[in-house]
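Here's the structure we're looking at; comments come further down.
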Amino acid sequence: MRAFIVAALGCALVPTTGYPREKEMLLQATEQTALSWVKPAGEKVVKELVAKYGEGQRARAERGVHQISDFWRADDGDAAAYVEFAEANFAGHQATLDTMFNRFQALIEQLNGHMHEINREFRQQADLDAGPIYPFDEVFAGYDPAAHIIDDFFNNKLAFVVLLNFPLTTLQERLAEGTKWTRRQWAEARLAEMFSKRIPASVNLEVARASSEADSYISQYNIWMHHITEPGGQRLFPAKLRLLSHWNLRDEIKADYADTQHGLAKQRAIQQVMERIITQTIPQVVIDNPQVDWNPWTNEVKPAAEKDSEQAAPANLAVTNASEPATRYAMLSLTYRAEKQVDPYSPMAPTLIARRFDEDREIPEQRVRAMLEQVLTSPLVPQVAKLIEGRIGRPLEPFDIWYDGFRARGAYTEAQLDAIVAKKYPTAEAYRKDIPNILEKLGFTPEKAQYLADHIAVDPARGSGHAMGAAMRGEKAHLRTRVEPTGMNYKGFNIAVHEMGHNVEQTFSLNEVDYTLLAGVPNTAFTEALAMVLQGHDLEILGLAAPSAESEALKTLNDFWATYEISGVALVDMGVWHWMYDHPQHTAEQLRDATVTIAKDIWNRYYAPVFGKKDVVLLGVYSHMIDSILYLPDYPIGHLIAFQVEEQMKKAGAIGPEFERMAKMGDVTPDLWMINATGKPVGADALLDAAKVALAQVQQH
Ligand SMILES: [Zn+2]
C-alpha cells in the first residue's frame, strides 16, 4: 500500500492523507473461500515453468505460485484459469522481468500522480482561501478517487502479475537482508508490498464504521470548565470555556504555568477531571453539558447555578452522578474487533500490532520498546525533574509531566517580528519570489535553490498552512501559506518555512530518487524532522540573530521532558493492544480495568520514583488511544529521529547539500535511512546526549 499514499504525505497538517486509518480503507475486495485445487494446480505450474525456463527459475516460480495462491479466490477463476494465468504471466527471462518492472514502475507513478492531482483539485475549495465552502465542495473534498484501486488491480489480475513475479518480504527480511539489497531489489519489495493484503469490502466497512464511531465519540467529548467547582464552591475557569479531551485539557495545564495566581489550583482540577475520564467515574451528565455544575473531587453534580451557554438543556435531563458506562473502552473494543477481522487477509502482518510496527513504522516493536525504556530510565530524568522543581518552586505533582516552562525570552517581541515579516512579505507572491534567496541562505547552491523554487507552487491557505507534495515527476509540490490582509505575520512565516521544508524534501525524494517506487521517506517522522531543521533557522532567514545557546538548551530540555512524558503514554497504548489480543472476549468494563492497571504499572515503574506518588492513571488520558489505533508510539520515535537528523546537520555544517543527500535515499526502512544519513540506526542516543549538554548549560546559569 505504500506507494498509493506515501507520495502524498507531507506533514501532520496535510489534509489528504489521514494516516493511519485510510490505509485500511483503500482496500476493497470480495469474500474469501478455501480452494482445494490450488495446491495441486500450483505444483503443476511450477513443474511446467521449470521445464520451460530451467532449474534456475525454480525458486522464483515456487515463491510466485505460493504468493498468488494466498490471495486467489473462487471468483478469480477455476484451476484451468489459474494455471493459464500463471504460465502466461511468469517472467522467466531477465529481459522480460526488467520490462515488466520498468513498465509497472512508470505506470504506477502515473496512476499515483494523476489520482493525487484529482485529489488536490477536488480539495481546492476546502484547502485554499477562496471564499465560501458549499456543501457540494465538502463532498468533492471527501471523495477519494483512488479508493478502489487495490480491488480493481486484484480483479483485473495486475496484482497477481506482481505477486507472481516480485517478492513479498517480512520486516525481518528487510532488516536482515535489506542492507545488502540493490536499490532495484528495494524497489521490487515496495512494488510487491502494495498487494500484500486483499481485504473483503465487508471487513473494510466494519473498520471504517468502528473508526468513525470512535472519532465522533472523541470529537464531542468536551468539558465545560466554568462548571467545574472547587470544594468551596468557587469557579476557577472563565465562562464559556469548553475544552476537548484530552488535547485542550492538557494544553490548559501547560498554559496555567503562566497563571501565578490560580494556575496551580486549575492544574489540580484538570488532573482530577482527567482521572475521572480514564477510570470512567466521570458522571455521564457532565460530558459536553453546560447545564450542570460538577465538583470532580466529591463527584457531586448539581443543576448549573450560572448560565454561560445558549446550548439547550437535553430533554429529561436527569441531574445525577451516574457514571459514564465504560463507553470510552467500548469504543476502543469496537475498533479492536474490526481490526481483528483484517488479520486473516494480511498474511505478512497478521495482527494490528504487526501492521503498525512491521509495516507502517518498520521498526520492530521490541526495539521501539527498548528505545522508549532507554529514555524513561535515563539518569537525566531525575536531574531534569530537580531543575523543574527549582523553577516552579514546589515538589512535582503528576500533571507536571506536561511542564511547559522551559522557554527563553527571545531577543525580539512577537510584535516586532510581525512588523519585520509583514514588511518583507506583504503577499504570498512576495514569499514565493523570495524562495531562491531563502534557500541560498540555508546553504543550497544558487542552482539548487532555483531548481527547488521551480518545483514549488505557493497558494493562499484557508487554515494555518500545509505542504502537499506531488506524486509524479514534473508536477509541483504545493506550499499553502496564510497571509493576512496586513501581510504575513511571524507565526505564518514560521509555519511557511516549516512547510517549505516539507516541499524541499518532497521535491528531492520524488525527483532525485533513483526509483520512483522508492519516492518519499520511511514515515512522517522523517519528513517532520527535515522540515523542523529549516524551521529552526527562520530568524536567520529574516537576517536576525540566531537563537541564543541558552534558548537552544531550554528547547532541548523541553523536548527531552516531552519525550519522557509521551514514551510512557506510548507504552500504555502498546500494553493495552497486547492485552486485547490476549483477551479477545473481553468486555468494555474489563478493558477499562485492564487499562487502568496498565497505566498504573507504567507510572509506578518509570514516574513514581521521580514524582514521589504511586498509582497515578494519567498516562491513559490520550484520545489517540481511542480513535487513532496504536499511533502514539510515533510521537516519541519522532522526537528521537528529529534529534538524530539535527545532530547530523550540525556536524555537516551546511544544511543544503546534507538535506539533499538525506532526502534522496527514499522510502527504505527507518534504520537503513538513518544509517545512510548519520551512520547509526534510529535510537535515543542523540536526544540523550543533547539533553545532557543542555542540562549542564542551563545549570550553569
Ligand atoms: Zn510538518
- line: At R0 = 60 Å the Cβ-Cβ FRET efficiency linking Ala322 and Leu35, nearest 0.05, sits at 0.65
- prompt: Counting only residues 5 or more places away or on other chains, whose amide H sits under 5 Å from the amide H of Tyr622 once H atoms are built in the peptide plane?
  reply: none
field: In order through region 207-222: 3J(HN,Hα) via Karplus (6.51 cos²θ - 1.76 cosθ + 1.60), integer Hz, x for Gly, Pro
entry: 4, 5, 5, 4, 5, 6, 5, 5, 4, 5, 4, 5, 6, 10, 8, 9
task: Excluding residues fewer than 8 places away in the same chain, name every one of the lysines whose C-alpha is closer than 24 Å to that of Lys52.
output: Lys39, Lys44, Lys157
field: Spacing of the two label points (7 Å from each Cα toward its C-beta) at Ser202 and Ser551, in nm
entry: 6.1
query: Nearest-5 percent of antiparallel DSSP beta bridges in region 363-497?
result: 50
query: When the chain is fully extended, how far beyond the present Cα-Cα distance does His148 get from Glu429, taking 0.36 nm per residue of separation?
result: 97.4 nm
task: Assuming 0.890 mPa s and 25 °C, estimate D for region 442-506 with Stokes-Einstein, Rh taken as the Kirkwood radius over Cα pairs, in µm²/s.
output: 200
field: Glu87-Asn604 pseudo-label distance in nm [points 7 Å out on the Cα-to-Cβ vector]
entry: 6.7
query: When the Karplus curve 6.51 cos²θ - 1.76 cosθ + 1.60 is applied with θ = phi - 60°, which whole-Hz ³J(HN,Hα) does each residue of region 332-347 get, with x for Gly and Pro?
result: 4, 5, 4, 4, 4, 5, 5, 5, 5, 5, 6, 3, x, 9, 10, x
query: What is the pair-distance distribution P(r) of the chain, computed from all Cα-Cα distances in 20 Å bins starting at 0, with each bin given as a whole percent?
result: 16, 47, 31, 5, 0
- prompt: Can you flag which of Lys441/Lys491; Lys491/Lys664; Lys448/Lys650 are past 22 Å Cα-Cα?
  reply: Lys491/Lys664
- request: Would you mind putting 687-695, 118-126 in packing order, based on average other-beta-carbon counts within 10 Å, highest first?
  value: 687-695, 118-126
- request: With the cut-off at 18 Å, report for region 376-505 the share of all Cα pairs above it, as a whole percent.
  value: 64
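Hey, with R₀ at 60 Å, roughly what FRET efficiency would Asp615 and Ile133 work out to, going by the Cβ-Cβ distance, to 0.05? Mind showing how you got there, number by number?
Values: r = 48 Å, r/R0 = 0.80.
Approximately 0.80, to the nearest 0.05.
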query: Using a ≥ b ≥ c from the Cα gyration tensor of region 502-617 (square roots of the eigenvalues), is it rounded, prolate or oblate, where a/c under 1.5 gives rounded and otherwise the larger of a/b and b/c decides, a/b for prolate?
result: oblate
field: Size-normalised alpha-carbon gyration radius of region 329-430, reference 2.2 N^0.38 Å
entry: 1.84
statement: Looks like region 603-701, by Cα gyration tensor root eigenvalues a ≥ b ≥ c and the a/c under 1.5 rounded cutoff (else prolate when a/b is bigger than b/c, oblate otherwise), is oblate
statement: Given 248-260, 173-185, the highest-first ranking by average Cβ count within 10 Å works out to 248-260, 173-185
task: Please work out the FRET efficiency for the pair Asp70 and Ala313, using the Cβ-Cβ distance as r and a Förster radius of 60 Å; give the result to the nearest 0.05.
output: 0.60
- prompt: How would you rank 162-171, 42-51, highest first, on the average number of other Cβ atoms within 10 Å across their residues?
  reply: 162-171, 42-51
- prompt: Pulled fully out, how much extra length does the chain show between Arg58 and His578, if you take 0.36 nm times their separation in residues and subtract their Cα-Cα distance?
  reply: 183.2 nm
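We did not get these values from a lab; they are worked out from the coordinates using the rules stated. Just so you know, these numbers come straight off a predicted model, no measurement behind them. Positions of Cβ are generated from backbone atoms using ideal geometry, with glycine treated the same way; all protein chains shown enter the neighbour counts.
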